[in-house]
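The structure appears below as structure tokens.
The values are calculated or read from the model by the stated rules, or taken from the named source; none is laboratory data. Here the structure is a predicted model, which means the values were calculated and not measured. Cβ: placed from backbone, ideal geometry, glycine included. Neighbour counts: every protein chain shown. Ligands, DNA and RNA are excluded from the accessible area calculation, which covers all protein heavy atoms including side chains. Shrake-Rupley method; radii C 1.70, N 1.55, O 1.52, S 1.80 Å.
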There are 2 protein chains.
Amino acid sequence: MELLEERIKKDGVVLPGNVLKVNSFLNHQIDPQLMMTLGQEFARLFKDAGVTRVLTAEASGIAPGIMAAYCLGVPMVFARKKKPSTVTDAVYTAEVFSYTKQVTNTISVEAKFLDANDRILVIDDFLANGEAAKGLISLAEQAGAEVVGVGVVVEKAFQGGHDWLVNHGYHLEALASIKEFADGQVIFN
Amino acid sequence: MELLEERIKKDGVVLPGNVLKVNSFLNHQIDPQLMMTLGQEFARLFKDAGVTRVLTAEASGIAPGIMAAYCLGVPMVFARKKKPSTVTDAVYTAEVFSYTKQVTNTISVEAKFLDANDRILVIDDFLANGEAAKGLISLAEQAGAEVVGVGVVVEKAFQGGHDWLVNHGYHLEALASIKEFADGQVIFN
């Protein structure tokens, strides 16, 4: 998606360790008009998938997730990183290791918000090693739901998550796909 | 806002301890069409305030925050509950005590995403004791910005946050204002 690639080139910052910082428009400060455009693009890419629910994770997945869900006309559920004290009902949980933060989080969704008949679109802001995507897929599949797509705003295609998803038969769409970083510049596929 | 009050009556669950659970449409599973309608209402209520940026907190504030920001045509920033490891820049921080979870979180925003010339609209899903709102106001005011409004989806008007904000001169708008809970029912103002 050219609009997004241009924005990443303009406002993204490449840090040591293959970290791309896009927090001026994607995951700390957010450009809502851009996010709506990304939601429209996700809806276009998955329009024939029969999506019944969008599943994402707090916090950075919520903005792209809700825009995609809005454009598809379906509810969105976001997995929490801790079990809130007001939850008294059954939950699905999955372990997610963050390479960036070097911590393992348990993500959870109340069981009643995922259904065996659901056709789930997983949305997230970044795909790198694929740990978050695998956790979200696990939550959906614990419910007996079918994951009909995985949509990410930005993927680092060289870090394993892309290959894992494609090799396991998931329909993956990345709105921007990074091939590599070279001399502090982003090279797209 | 009658649409929201009706939805709370229909799908909200009152738990012991004056807890209103609205996680089927507002803060775990989210109805994006409803959320857009709430965003439009926030934009209408604050259309003359000259808002330059929306400020909210992860995770539950992001959905109403981004819809309000989308409808106002301004960027949104969400405060994080921990300092991410990729942040190397200056941050503003504030302490927020959660009565529901009985923990104190430090929320933070990178300094460059708040400006002394900003006219900030603070958005959150719930207003109860006002701790989260006070923390967000503190972040904005540390930057020298002016808080031109505080918009919340639901307020529990009897728990102190409402009175504190109004008594300190802030322009507060709650889309649904709860007067009290009586016999497990929600009584609106």
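Considering only region B:62-83, state which residues are open to solvent by 10 Å² or more (accessible area, probe 1.4 Å) and not basic (Lys, Arg). Spell out the reasoning first.
Applying the first criterion (open to solvent by 10 Å² or more (accessible area, probe 1.4 Å)) to region B:62-83 yields B:70-75, B:80-83.
Listed by number, the residues that qualify are B:Tyr70, B:Cys71, B:Leu72, B:Gly73, B:Val74, B:Pro75.
Return the pairs, sorted by first residue and then second, in which the second residue is open to solvent by 30 Å² or more (accessible area, probe 1.4 Å) and of a type in the set (Phe, Trp, Tyr), the first residue lies in region B:49-71 and is over 12 Å from B:Val122 (Cβ atoms), the beta carbons are less than 8 Å apart, and the residues are 6+ apart or on different chains.
B:Ser60/B:Phe126
So in region B:37-60, with the set limited to residues that are open to solvent by 10 Å² or more (accessible area, probe 1.4 Å) and either at the interface with chain A (Cβ under 7 Å from one of its Cβ atoms) or of a type in the set (Lys, Arg) (or both), which one is farthest from B:Gln185 (Cα to Cα)?
It comes out as B:Arg53.
When you scan region B:8-18, do you find a residue that is under 16 Å from the mean Cα position of the chain (by Cα) and more than 8 Å from chain A (Cβ to nearest Cβ), even just one?
Let us first name the residues in region B:8-18 that are under 16 Å from the mean Cα position of the chain (by Cα), namely none.
Within region B:8-18 (the criterion being under 16 Å from the mean Cα position of the chain (by Cα) and more than 8 Å from chain A (Cβ to nearest Cβ)), the answer is no, since none of the residues qualifies.
Listed here are the residues, each with its yes/no results for (1) closer than 23 Å to A:Pro75 by Cα; (2) in a loop (DSSP other than H, G, I, E, B); (3) not hydrophobic (A, V, I, L, M, F, W, C).
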site: A:Ala140; (1), (2), (3): yes, no, no
site: A:Val166; (1), (2), (3): no, no, no
site: A:Gly169; (1), (2), (3): no, yes, yes
site: A:Lys179; (1), (2), (3): no, no, yes
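Would you mention how many residues in region A:171-189 are within 16 Å of A:Gly130 (Cα to Cα) and open to solvent by 40 Å² or more (accessible area, probe 1.4 Å)?
Number satisfying all stated conditions: 3.
Tell me, please, whether a residue that is more than 14 Å from chain B (Cβ to nearest Cβ), within 13 Å of the chain's Cα centre (by Cα) and of a type in the set (Lys, Arg) can be found in region A:154-165.
no
Would region A:44-53 turn up any residue that is modelled with pLDDT of 95 or more and within 20 Å of B:Gly61 (Cβ to Cβ)? Give the derivation first.
Here is the first cut: in region A:44-53, the ones modelled with pLDDT of 95 or more are A:44-53.
Add one more test, that the residue is within 20 Å of B:Gly61 (Cβ to Cβ), and what stays is none.
No.
In the list A:Val91, A:Val153, which residue meets the criterion of being open to solvent by less than 20 Å² (accessible area, probe 1.4 Å) and either in contact with a Leu (Cβ under 9 Å, 6 or more places away or on another chain) or of a type in the set (A, V, I, L, M) (or both)? Outline the logic, then answer.
Details: A:Val91 fails: open to solvent by less than 20 Å² (accessible area, probe 1.4 Å).
Matching residue, one of A:Val91, A:Val153: A:Val153.
Determine which single condition B:Cys71 fails, assuming it passes every other condition in (1) facing chain A (nearest Cβ under 9 Å); (2) in contact with a strand residue (DSSP E or B) (Cβ under 7 Å, 6 or more places away or on another chain).
Result: B:Cys71 passes all but (2).
So, in region B:99-138, how many residues would count as being in a strand (DSSP E or B) and loosely packed, with under 15 Cβ neighbours inside 10 Å?
In the first step, residues of region B:99-138 are kept if they are in a strand (DSSP E or B); the result is B:103-110, B:119-127.
Filter again for loosely packed, with under 15 Cβ neighbours inside 10 Å, leaving B:103-104.
Summing the residues that are in a strand (DSSP E or B) and loosely packed, with under 15 Cβ neighbours inside 10 Å in region B:99-138 gives 2.
Return the total of residues in region B:23-34 being crowded, with 23+ Cβ neighbours inside 10 Å and among the aliphatic types (A, V, I, L, M).
Total satisfying the criteria: 2.
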